[in-house]
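What follows is one structure encoded as structure tokens, with my remarks underneath.
Laboratory data are not the source of any read-out in this text; all were calculated from the coordinates shown. Please read these numbers as outputs of a predicted model, since none were measured by experiment. When we count neighbours, we look across all protein chains shown, and the Cβ atoms used for this are built from the backbone with ideal geometry, even at glycine.
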Amino acid sequence: MLSSDTPTLPTEFLVTAATALLAGDERRVVMGACDDGGYYLLGMRLPHARLFTDIAWSTNSVAATTRERAAALGLDLLELPLWYDIDDAAALERLVRENNGYAAPWTRRALPALGLDTFASSPCPA
């Protein structure tokens, strides 16, 4: 599974995930956590449905609960670097202001077309 709200996710994170899954066995799980407590990617060699049951979705504990569940199931969890997703105005502002990660050319062109590039002219919050 790959989040649809991470347009600047660095390509190398995806390469690392695919490489780790190909090198692992059926217990291998790869997770890329978001800085808001969710995750942008969860990959596995075989389905492990128990990872998804009884999760408080859309909360800041999703990644932590998934980590705990993977450990309880005896899965080999490999974590990718932390990244961010676009879930709120602060994250949208971050997207507009920074140039880290993948260039996201389609997203960059869409921001001004939608009038969402106005954050770039206001001072950055602490």
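Can you tell me what share of the DSSP beta bridges in the chain is antiparallel? A percent to the nearest 5 is fine.
Taking every DSSP beta bridge within the chain, about 50 percent pair in antiparallel fashion.
Which value in nm describes the separation of the simple spin-label points at residue 72 and residue 27, placed 7 Å from the Cα toward the beta carbon?
About 1.8 nm separates the two model spin labels.
Among DSSP beta bridges whose residues both lie in the stretch 11-83, state the antiparallel percentage, nearest 5.
Once the DSSP bridges in the stretch 11-83 are tallied, antiparallel ones form about 45 percent.
Mind running the shape call on the chain? Use the C-alpha gyration tensor, a ≥ b ≥ c as the square roots of the eigenvalues: rounded below 1.5 for a/c, prolate if a/b tops b/c, oblate otherwise.
In terms of gyration-tensor shape, prolate.
Once amide H atoms are placed 1.01 Å from N in the peptide plane, what residues at a sequence separation of 5 or more from residue 41, or on another chain, have their amide H within under 5 Å of its amide H?
3, 32
Subtract the Cα-Cα distance of residue 113 and residue 90 from 0.36 nm times their separation in residues, and report this length gain in nm to one decimal.
Gain on extension, residue 113 to residue 90, equals 6.3 nm.
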